[in-house]
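A.B. asks: This is the structure I have questions about; it appears just below.
The values are calculated or read from the model by the stated rules, or taken from the named source; none is laboratory data. All values derive from a computational prediction rather than experimental measurement. We place every Cβ from the backbone using ideal geometry, glycine too, and count neighbours over all the protein chains shown.
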Amino acid sequence: MDVDLLVIGWGKAGKTLAGRFAAAGKTVALVERSPEMYGGTCINIGCVPTKDLVVSAEERRDSDDPQEFFRTAVAGRDALIGTLNAANHQMLEKPGVTLVDGTARFTGPRTVVVDTAEGQVELTGETVVIGTGATSRRVDLPGFDSPRVFDSTTIQHIDPLPERLVIVGGGFIGLEFASMFTHFGSKVTILDRGEEFLPRVDRDVAEAVRQTLLDMGVTIEQGVRPTSLDDDGTHAVVHTTKGDFAAEAVLVAAGRVPVTGELGLEAAGIEVDERGFVVVDDQLQTSVPGVYAVGDVNGGPQFTYISLDDNRIVWDAVMGQGTRRRSDRVAVPNTTFITPPLSMVGMDETQARKSGRNVLMAKKEVAKIAAMPRPKIVGETHGLFKLFVDADSQEILGATIFSIDSQELVNMVALAIRLGAKVSDLRDGIWTHPSSTEAFNEVLGTLEPLA
């Protein structure tokens with residue numbers, strides 16, 4: 001079967017491109033190996049289901065039975081994801097789109113064979129888009145094949161809720177699950193191999209996050225490397241370079257690796273890097289003309305909104321003017337959904353100091369921001385604001401916001417940076433009350449030279 005567009009993997013970029021090409025009158029084939037992944041990682045096992053569980057966990061009261069509450073939360077999560085999964089399938093049930101359930105394997109530069117329940121299907125695309133995503137990295141150590149060891153996908157359906165949870169990995173994914181399961185009622189211990197907590201974050205911000213987790217009841221162990229695991233049938237013991245840690249469950253949060261192993265990329269001549277990610281140029285084209293890689297599989301930032309923008313770049317390259325590039329992205333924000341969420345965009349303090357600019361900084365703890373009553377209303381006053389401004393141009397350079405609603409506030413700062421807005425536009429803005437946005441009125445009034 002020959003088509004104008006062949007998409008491998010039903011992620012954000014792939015499904016969006018499929019819909020756009022079909023609307024333009026092009027023929028499309030979309031291959032997905034698992035019906036449970038219609039719509040991609042984000043809506044099925046990533047952003048959406050985990051944030052649904054985060055919200056549920058935050059709502060648990062001390063009087064709620066942890067086991068019953070957790071099972072109810074998981075049932076709610078599953079109902080939501082089932083609805084979204086079906087809706088994503090329905091969106092592409094349209095003329096011009098052929099949906100193929102199966103595993104694709106390249107046999108040539110733009111041709112794949114798909115193993116389906118009914119047999120093999122050969123597909124050739126004038127344009128091919130690889131969007132197979134990434135999956136959790138496994139720990140290849142003795143005992144870590146125990147059924148008590150989970151990854152970020154499988155732990156969402158753990159039953160029963162563990163009394164104790166050990167998390168191997170102190171990165172952002174590990175911190176999200178630490179916060180979530182602590183609120184559900186588990187006793188959580190993080191084993192971080194690094195000597196420094198959140199090493200890529202400003203030290204004062206990292207300390208604020210660490211103290212917030214400690215205040216929740218999370219135990220954080222730095223400089224710890226697991227060596228093996230024993231499972232006696234009632235609990236697991238993680239043996240490490242700094243002692244043993246017992247728990248009913250272990251979550252491995254040691255990063256993510258690309259899903260490329262079964263694609264047969266070598267048969268197509270598609271290059272991968274030393275980590276296995278597909279190598280692409282600034283327009284997301286691989287080493288084979290007409291073949292693109294989008295989303296997590298190309299080694300870029302692993303966010304669904306980056307995948308959405310990948311769709312725009314590929315569309316422009318194939319159907320547009322060909323002017324869009326990955327390198328033209330400006331002020332891309334990110335959020336880690338601990339409680340409260342940690343959000344960042346643009347420069348942090350280290351980058352601001354190295355920028356060679358005359359920089360102003362505003363910094364204030366959330367609990368001390370009088371003009372921002374919302375955290376006090378909802379009972380979550382942990383965190384701080386840090387913003388950086390060019391003293392000469394008065395343009396905003398970056399922000400780190402560790403606060404309730406930061407996932408929304410950071411988008412406003414990102415837009416301000418992209419538009420070249422002045423700091424006065426945020427500082428003197430008229431915002432609704434009570435809202436978290438009001439913090440800008442007060443915090444940006446404290447700008448001082450970065451010493």
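A.B. asks: Kindly check whether there is at least one residue in segment 186-197 that is in a helix (DSSP H, G or I) and in contact with a helix residue (DSSP H, G or I) (Cβ under 6 Å, 6 or more places away or on another chain). First the steps, then the outcome.
C.D. replies: Initial filter on segment 186-197 (in a helix (DSSP H, G or I)): none.
Looking for residues that are in a helix (DSSP H, G or I) and in contact with a helix residue (DSSP H, G or I) (Cβ under 6 Å, 6 or more places away or on another chain), one finds none in segment 186-197, hence no.
A.B. asks: Could you please find all residues in segment 47-98 being of a type in the set (Val, Ile, Thr) and touching a residue at least 24 places away in the same chain (Cβ under 8 Å)? Write out each step before concluding.
C.D. replies: Taking segment 47-98 and keeping what is of a type in the set (Val, Ile, Thr), we get 48, 50, 54-55, 72, 74, 81, 83, 97-98.
Within segment 47-98, Val48, Thr50, Val54, Val74, Ile81, Val97, Thr98 meet the criteria.
A.B. asks: Now, a different point. For Gly170, state whether it is crowded, with 22+ Cβ neighbours inside 10 Å and either assigned to a loop (DSSP other than H, G, I, E, B) or of a type in the set (A, V, I, L, M) (or both). Walk me through it before giving the result.
C.D. replies: Numbers: crowded, with 22+ Cβ neighbours inside 10 Å: yes; either assigned to a loop (DSSP other than H, G, I, E, B) or of a type in the set (A, V, I, L, M) (or both): yes.
So Gly170 fits the description; yes.
A.B. asks: Enumerate the pairs (first residue in segment 419-448 and assigned by TED's automatic domain parsing to the domain that holds Gln407; second residue anywhere and surrounded by fewer than 17 Cβ atoms within 10 Å (Cβ to Cβ) and part of a helix (DSSP H, G or I)) with beta-carbon separation below 7 Å, excluding pairs fewer than 6 apart on the same chain, so at least 6 apart or on different chains.
C.D. replies: From segment 419-448, the pairs are Arg427/Gly445; Pro434/Ile377.
A.B. asks: Sticking with this one: For segment 73-84, which residues satisfy the criterion of being surrounded by fewer than 19 Cβ atoms within 10 Å (Cβ to Cβ) and under 20 Å from Gly40 (Cβ atoms)?
C.D. replies: Across segment 73-84, the qualifying residues are Asp78, Ala79, Leu80, Gly82, Thr83, Leu84.
A.B. asks: Going through segment 145-167 one residue at a time, which ones are in a loop (DSSP other than H, G, I, E, B) and buried (at least 18 other Cβ atoms within 10 Å of the Cβ)? Let's see the steps before the verdict.
C.D. replies: So the first thing to find is which residues in segment 145-167 are in a loop (DSSP other than H, G, I, E, B), and the list is 145-148, 151-153, 158-163.
If the condition is that a residue be in a loop (DSSP other than H, G, I, E, B) and buried (at least 18 other Cβ atoms within 10 Å of the Cβ), then Arg148, Asp151, Ser152, Ile158, Leu161, Pro162 are the ones that fit.
A.B. asks: Given the criteria modelled with pLDDT of 95 or more, of a type in the set (Asp, Glu) and within 27 Å of the chain's Cα centre (by Cα), does Glu122 qualify?
C.D. replies: Values: modelled with pLDDT of 95 or more: yes; of a type in the set (Asp, Glu): yes; within 27 Å of the chain's Cα centre (by Cα): no.
No.
A.B. asks: A follow-up question, please. How many residues does segment 133-174 hold that are over 24 Å from Arg71 (Cβ atoms) and of a type outside the set (Gly, Ala, Ser)? Before you say what the answer is, go through the steps one by one.
C.D. replies: In the first step, residues of segment 133-174 are kept if they are over 24 Å from Arg71 (Cβ atoms); the result is 133-135, 137-145, 168-172.
This time we only want the ones that are of a type outside the set (Gly, Ala, Ser), so: 135, 137-142, 144-145, 168, 172.
Residues meeting the conditions: 11.
A.B. asks: Still on this model: For segment 1-28, which positions are surrounded by fewer than 24 Cβ atoms within 10 Å (Cβ to Cβ) and closer than 18 Å to Ile43 by Cα?
C.D. replies: Across segment 1-28, the qualifying residues are Thr16, Gly19.
A.B. asks: So, in segment 370-408, of the ones that are within 20 Å of the chain's Cα centre (by Cα) and of a type in the set (D, E, K, R), which residue ends up nearest to Ala439 (Cα to Cα)?
C.D. replies: Taking the candidates together, the pick is Asp405.
A.B. asks: Somewhere in segment 315-330, is a residue surrounded by 14 or more Cβ atoms within 10 Å (Cβ to Cβ), of a type outside the set (Ser, Thr, Tyr) and assigned to a strand (DSSP E or B)? Working first, answer last.
C.D. replies: Step one: filter segment 315-330 for residues surrounded by 14 or more Cβ atoms within 10 Å (Cβ to Cβ), giving 315-319, 324-326, 329.
Of the ones still in play, those that are also of a type outside the set (Ser, Thr, Tyr) are 315-319, 324-326, 329.
Subset that is assigned to a strand (DSSP E or B): none.
Checked segment 315-330: no residue is surrounded by 14 or more Cβ atoms within 10 Å (Cβ to Cβ), of a type outside the set (Ser, Thr, Tyr) and assigned to a strand (DSSP E or B).
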